[in-house]
Amino acid sequence: MLQFRGEIYVHRRTTSKDVFPGMYDMFVGGVVGKGETYLDAARREIREELGIIGPEPRSLFLHLYEGPLNRSWVAVYEVEWDGPIVHQVAEVEWGAS
C-alpha cells in the first residue's frame, strides 16, 4: 500500500494484465525471485511499477492466500512517499491519490 501525502494511492491496472485486467488496485507486487527476500521484492516492485526509489517499505503482515486455482504467501508492506511517480507502462494505466 502506498501512502501519498497521508492518502492512499490507487492505480488502474493495464488491460493486458493476466490477473484483474483494467481493475483498480492499491498494491504493486510480483513474485519473489530466487534468493530474494520479501523486503527485497517489495523494494524492486515499487521501483519497477511506480519508479519509487528510496523509502523503506514497512512490513504490515503476512497472509496465506488460498484461492480456487493457487495458494501463496503474500507479504504486505506500506510505503510513504510524496515524490513523483512514474508508472511502468506495461503494468499501470493510470493512478492518483
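The values are calculated or read from the model by the stated rules, or taken from the named source; none is laboratory data. Quick caveat, the model's predicted, so the values are computed rather than measured. Side chains included, ligands, DNA and RNA excluded: accessible areas come from the protein's heavy atoms. Shrake-Rupley method; radii C 1.70, N 1.55, O 1.52, S 1.80 Å.
Arrange the residues E91, E49 by how much accessible surface each exposes, largest first, with a 1.4 angstrom probe.
In descending accessible area the options line up as E91, E49.
Under a no-solvent Debye model with one identical scatterer per Cα of the chain, what's log10 I(q)/I(0) at q = 0.11, 0.17, 0.18, 0.24 Å⁻¹?
-0.32, -0.78, -0.88, -1.45
Could you give each residue of segment 83-97 its phi-based ³J(HN,Hα) in whole Hz, using Karplus coefficients 6.51, -1.76, 1.60 with θ = phi - 60°, and x for Gly or Pro?
Karplus-based 3J(HN,Hα) across segment 83-97 equals x, x, 10, 10, 5, 7, 4, 6, 10, 10, 8, 6, x, 6, 9 Hz.
What number, in percent, do you get for the relative contact order of segment 11-97 if the mean sequence gap of Cα pairs under 8 Å and at least 6 apart is divided by its residue count?
Result for segment 11-97 is 32 percent.
Within the chain, what whole-number % of the accessible surface is contributed by carbon and sulfur, with the 1.4 Å probe and all protein chains included in the calculation?
The computed percentage sits at 57.
Could you do me a favour and compute the accessible area per residue for the chain, 1.4 Å probe, result in Å²?
With the other protein chains kept in place, the chain gives 68 Å² per residue.
Check which residues have an amide H placed less than 5 Å from V92's amide H, if you skip close sequence neighbours.
When sequence neighbours closer than 5 places are left aside, the close amide H contacts are T14.
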